[in-house]
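Undergrad: Below you'll find the structure I mean.
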Amino acid sequence: MVATPCPLILAVPVALVAGLSRAAQFGVLIKGAGPLEAMARIRTLILDKTGTLTDGRPRIVSIEHAGDLAKVDILRFAAALDQASKHPVAQAIVAAAKAQGLVLPVPTDVAEFPGEGVVGQVEGHDVIVGGDGFVAARVGRRGDDPGGDLSGIAAGSVLVAVAVDGRMTGHLVMSDPLRDGAADMLAGLRRNGIGRILLATGDRAEVAQQVTKGLGLDGVRAGLTPDQKVLLVLSERKNGPVMMVGDGVNDAPALAAADVGVAMGARGAAASAEAADVVLLVDRVDRIGPGIEIARATRRIALQSVMAGIGLSVLGMIAAALGHLTPVQGALLQEVIDIAVILNALRALRIRPTALGADHPAQARSAGFPA
Ligand code: ADP
Ligand code: MG
């Protein structure tokens, strides 16, 4: 009677479902028990830059022009072509051009290279817009092009190059500040045992270095194509389970390659949310810390329930074998053990991540839960 595996069958799913629901209250959607377990074991974190560690709504600070084309025309060509892209930088460029009252022609023959740039035709001109390396690889550089020297350009700038008819004609210098609380989040993750934190970006190394100055990252990998992001994830997996956080279409393959892929769901690309194991439903990267804490506490509670339940059952079996329990007493004891184990597993509903302040709404909401 007391020798049933009920604690195992009941406690684990109850704890896991409770943990998933608790994480969802913090805006962290975990797609099942497997990802939750993997999240509890993460050792290395890889963060994308634009839209993940930074706000992802860059503003145009200045336009550097190298040729005869006026600044406003550089913006107009870039924005016209970028209407074809969902990249956050592209959307910011289009919005800036429209805010200036520019009328944007519809581009033709468009080919987008996700995370790198766009090639196409605008009013009969060949236009290329995208990362400086991407454009320079197609048209080369000119002597007076500012792309080679970033010293005069403000810290944390995103640089977008524009080429018209095969010549590098200018750069849009955009500012994309770090998200609020990014530094605190990284410090919190370190305290919670994430030993290695890396930045992976398609942007230029100088830009990445400037943005991450003072964050104490273990490494910055810049100028990465989507494939190279995948290779980085795979090589880091040799050192232990890896979590990759990203927002763009170009991050989707890397998210799929990681032990746990986390997508910025609120503003990020649908493809990345689809490829991810975890989706942040609020536009806040600092929910990763609470998510990991909840995953770990849930796993601990599940194991504890199993151990305690099985331990008590074994004691019951010994007592019964020695003749101290009748079958009816044994059945009743088993029920008591099951209920105790389930109640313990339900504690996962009330996990309080330390990474968020006690005044956080999700913390307050939990105050009403039964004990
Ligand atoms: P991250 O990996 O940091 O999220 P991305 O790889 O998405 O950054 O983009 C890197 C850089 O490529 C951007 O900072 C921008 O300079 C450029 N870029 C990519 N796509 C576009 C686009 N459609 N229009 C303009 N610039 C782009
Ligand atoms: Mg990005």
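Undergrad: What does the helix-only formula give at 222 nm for the chain: each DSSP H stretch with n ≥ 4 adding -39500 (n - 2.57), the total divided by the residues, and the result rounded to the nearest 500 deg cm²/dmol? Spell out each step's value before the answer.
TA: Details: 13 runs with 160 residues, N = 371.
So the helix-based figure for the chain works out to -13500 deg cm²/dmol.
Undergrad: For region 313-347 and region 156-176, compute the distance between their C-alpha centroids and round to whole Å.
TA: 71 Å
Undergrad: A follow-up question, please. Net charge within 11 Å of ARG41 by Cβ-Cβ distance, Lys/Arg positive one each and Asp/Glu negative one each, not counting ARG41 itself?
TA: Values: positive: ARG43, ARG296, ARG299; negative: GLU37, ASP259.
Here the count lands on +1.
Undergrad: Subtract the Cα-Cα distance of ARG190 and LYS238 from 0.36 nm times their separation in residues, and report this length gain in nm to one decimal.
TA: Numbers: separation 48, 0.36 × 48 = 17.28 nm, distance 1.98 nm.
So the extension gain works out to 15.3 nm.
Undergrad: Here is a further query. Output ³J(HN,Hα) for region 320-325: one whole-Hz value per residue in order, computed from phi by the Karplus curve 6.51 cos²θ - 1.76 cosθ + 1.60 with θ = phi - 60°, and x for Gly and Pro.
TA: 5, 5, 7, x, 8, 10
Undergrad: Let me ask you something else. According to a simple spin-label model (label point 7 Å from Cα along Cα-to-Cβ), what is the distance in nm between ARG142 and ASP109?
TA: 2.1 nm
Undergrad: Please turn the phi angles of region 20-34 into ³J(HN,Hα) values with the Karplus equation 6.51 cos²θ - 1.76 cosθ + 1.60 (θ = phi - 60°), one per residue in order, whole Hz, x for glycine and proline.
TA: Ordered by residue, 3J(HN,Hα) equals 4, 6, 5, 4, 4, 5, 9, x, 10, 8, 9, 7, x, 6, x Hz.
Undergrad: Please list, ordered by chain and number, the residues whose modelled amide H lies under 5 Å from the amide H of ILE46; skip anything fewer than 5 residues away on the same chain.
TA: LEU198, MET243, MET244, VAL245
Undergrad: With a 1.4 Å probe and every protein chain kept in, tell me what percent of the accessible surface of the chain is carbon plus sulfur.
TA: Values: 9540 of 16180 Å².
So the carbon and sulfur contribution to the accessible surface is 59 percent.
Undergrad: I want to verify the translational diffusion coefficient of region 304-353 in µm²/s; compute it with Stokes-Einstein, Rh as the Kirkwood radius over Cα pairs, at 25 °C and 0.890 mPa s. Before the final figure, lay out the partial values.
TA: On the way: Rh = 11.8 Å.
D, rounded to a whole number, is 208 µm²/s.
Undergrad: Would you mind counting up the charge near VAL14? Only other residues with Cβ under 13 Å from its Cβ, with Lys and Arg at +1 and Asp and Glu at -1. Write out the running numbers ahead of the final one.
TA: Numbers: positive: ARG22, ARG347; negative: ASP338.
Overall, the nearby charge balance is +1.
Undergrad: Another question, then. Among the DSSP beta bridges whose two residues both lie in the chain, what percent are antiparallel, rounded to the nearest 5? Don't skip to the answer; put the middle values down first.
TA: Values: 33 of 52 bridges.
Counting DSSP beta bridges with both partners in the chain, the antiparallel share is about 65 percent.
Undergrad: Taking the chain as the reference, fit the longest principal axis to its C-alpha atoms, fit the long axis of helix 71-82 to the helix C-alpha atoms, and give the angle between the two in degrees, 0 to 90, nearest 10.
TA: That works out to roughly 50 degrees.
Undergrad: Same structure, new question: If you average the alpha carbon positions of region 75-116 and of region 254-309, how far apart do those two centres end up, in angstrom?
TA: 33 Å
Undergrad: Further question: How big is D, in µm² s⁻¹, for region 59-175 by Stokes-Einstein at 20 °C and 1.002 mPa s if Rh is the Kirkwood radius over C-alpha pairs? Provide the component values of the computation, followed by the final result.
TA: Details: Rh = 13.7 Å.
Answer from the Stokes-Einstein relation: 156 µm²/s.
Undergrad: For region 128-136, what does the Karplus curve 6.51 cos²θ - 1.76 cosθ + 1.60, with θ = phi - 60°, yield as ³J(HN,Hα) per residue in whole Hz, taken in order and with x for Gly and Pro?
TA: Going residue by residue, I get 10, 9, x, x, 4, x, 4, 6, 4 Hz, with x marking Gly and Pro.
Undergrad: Find the relative contact order for the chain and round it to a whole percent, using C-alpha pairs within less than 8 Å whose residues are 6+ positions apart. List each step's numbers first, then the result.
TA: Details: 737 pairs, mean separation 96.0, N = 371.
With pairs under 8 Å counted, the relative contact order is 26 percent.
Undergrad: Moving on. Percentage of Cα-Cα pair distances in the chain greater than 27 Å, rounded to whole percent? Can you show the working numbers first?
TA: Values: 37671 of 68635 pairs.
Percentage above 27 Å: 55.
Undergrad: I'd like to know which of VAL118, ALA99, GLY166 lies farthest towards the positive end of the charge dipole of region 59-175, counting +1 on Cβ of Lys and Arg and -1 on Cβ of Asp and Glu.
TA: Value computed over the given set: ALA99.
Undergrad: Count of lysine pairs in the chain with Cα atoms under 19 Å apart, counting only pairs 8 or more residues apart in sequence or on different chains? The partial results should precede the final answer.
TA: Working: LYS49/LYS86; LYS49/LYS213; LYS49/LYS229; LYS71/LYS98; LYS86/LYS98; LYS229/LYS238.
So the count of such lysine pairs works out to 6.
The values are calculated or read from the model by the stated rules, or taken from the named source; none is laboratory data. Being a predicted model, the structure only gives us computed values, none of them experimental. A quick note on method: Cβ atoms are made from the backbone with ideal geometry, for glycine too, and the neighbour counts reach across all protein chains shown. In case anyone asks, the SASA skips ligands and DNA or RNA and just uses the protein heavy atoms, side chains included. Shrake-Rupley method; radii C 1.70, N 1.55, O 1.52, S 1.80 Å.
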